[in-house]
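The structure appears right after this line, and notes come after that.
The numbers here are math on the coordinates, done by the rules we state, and not lab data. Given the structure is predicted, the values throughout are model-derived calculations rather than measurements. Here the Cβ is made from the backbone with ideal geometry for all residues, glycine too, and neighbour counts use every protein chain on show.
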Amino acid sequence: GDSVTQMEGPVTLSEEAFLTINCTYTATGYPSLFWYVQYPGEGLQLLLKATKADDKGSNKGFEATYRKETTSFHLEKGSVQVSDSAVYFCALGQSGGYQKVTFGTGTKLQVIP
Amino acid sequence: NAGVTQTPKFRVLKTGQSMTLLCAQDMNHEYMYWYRQDPGMGLRLIHYSVGEGTTAKGEVPDGYNVSRLKKQNFLLGLESAAPSQTSVYFCASSSTGDSNQPQHFGDGTRLSIL
């Protein structure tokens, strides 16, 4: 079946540092890929998505490229802020009667001033 | 701009008690989902619904029942709570079942079973 593997956290960075959170996947067919963010005490929110190979999703300075050859969707941001502290989930979506989403285990990011 | 609203936000139950979690969405979405979130395991799908009056089992349905009598509401029931059901429960909705549609999540219900 489908699976998503993302790097374990927590990840601690200083403000303005470069961020990379690795995500790789295994899937049949042509899934869509997502990054969701969860702030403390809240539900998951869509951060960005890509729906086909070589697509780049971007939002709020974050970006990720759908790499079919390496089955990866790594999240990057050039300069993190304290407000970026949250848990980040990589996810894979398939259709088939409903939207079947496979989530990674989440990576906690802490940004210190 | 409510989106997806879950009630209650917190609950403590004793083993064997029953309760119902309510999810309401105001986006006219057809598809609704119930997940549980446990440490180190990501989110796992309990049940889902593809429209009013329909429900189906997800990955971890045992011990739970659901109902979707109205399009905007999706209820999750625990008939006889067990400590293994201690978790954070999230409801989500999507406009279609297409793979490229994002899901919209509520803020969760933190449930503890003693």
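Grab every C-alpha pair in the protein assembly as shown, bin the distances at 10 angstrom width from 0 up to the longest one, and report whole percents.
8, 33, 35, 20, 5, 0
Computed from the mean reciprocal separation of all distinct C-alpha pairs, what Kirkwood hydrodynamic radius does the stretch B:51-97 have, in Å? Can you show the working numbers first?
On the way: mean 1/r = 0.0820 Å⁻¹.
One decimal place: 12.2 Å for the Kirkwood radius.
Can you pull out the chymotrypsin sites (Phe, Trp or Tyr not before Pro) in the stretch A:6-88 that DSSP calls coil and that have at most 12 other Cβ atoms within 10 Å? Mind showing how you got there, number by number?
Values: sites: A:F18, A:Y25, A:F34, A:W35, A:Y36, A:F62, A:Y66, A:F73, A:Y88; in loops: A:F18, A:Y66, A:F73.
Answer by residue number: A:F18.
How big is the shadow of the Cα convex hull of chain B, averaged over all directions, in nm²? Show your work: numbers first, answer last.
Numbers: hull surface 27.0 nm².
Orientation-averaged projected area of the Cα hull: 6.7 nm².
Check which residues have an amide H placed less than 5 Å from B:E59's amide H, if you skip close sequence neighbours.
HN-HN under 5 Å from B:E59: B:L45, B:I46.
Exposure proxy check: B:M27, A:M7 ranked by fewest other beta carbons within 10 Å?
Working: B:M27 13, A:M7 17.
Going from sparsest to densest Cβ surroundings: B:M27, A:M7.
Please give the Cα centre distance for the stretch A:70-113 versus the stretch A:37-63, rounded to the nearest Å.
7
Ordered by residue, what ³J(HN,Hα) values in Hz, to whole numbers, does the stretch A:21-32 give under the Karplus form 6.51 cos²θ - 1.76 cosθ + 1.60, where θ = phi - 60° and Gly and Pro are x?
10, 7, 9, 10, 9, 10, 7, 8, x, 10, x, 9
Trypsin sites (Lys or Arg not before Pro) within the stretch B:33-82: which are DSSP loop residues with at most 16 other Cβ atoms inside 10 Å? Walk me through the intermediate numbers first.
Values: sites: B:R36, B:R44, B:K57, B:R68, B:K70, B:K71; in loops: B:R68, B:K70, B:K71.
Sites meeting the loop and neighbour criteria: B:K70, B:K71.
Can you give me the convex hull volume of the Cα atoms of the stretch A:5-50, divided per residue and expressed in Å³?
Working: hull volume 5.2 nm³, N = 46.
Value for the stretch A:5-50: 114 Å³ per residue.
Averaging over every viewing direction, what projected area does the convex hull of the Cα atoms of chain A cover, in nm²? Provide the component values of the computation, followed by the final result.
Numbers: hull surface 27.5 nm².
With every direction weighted equally, the projected area is 6.9 nm².
Write out the GluC sites (Glu not before Pro) in the stretch A:62-113 meeting two conditions: DSSP loop, and at most 10 other Cβ atoms within 10 Å of their Cβ.
Details: sites: A:E63, A:E69, A:E76; in loops: A:E69.
Here the sparse-neighbourhood loop sites are A:E69.
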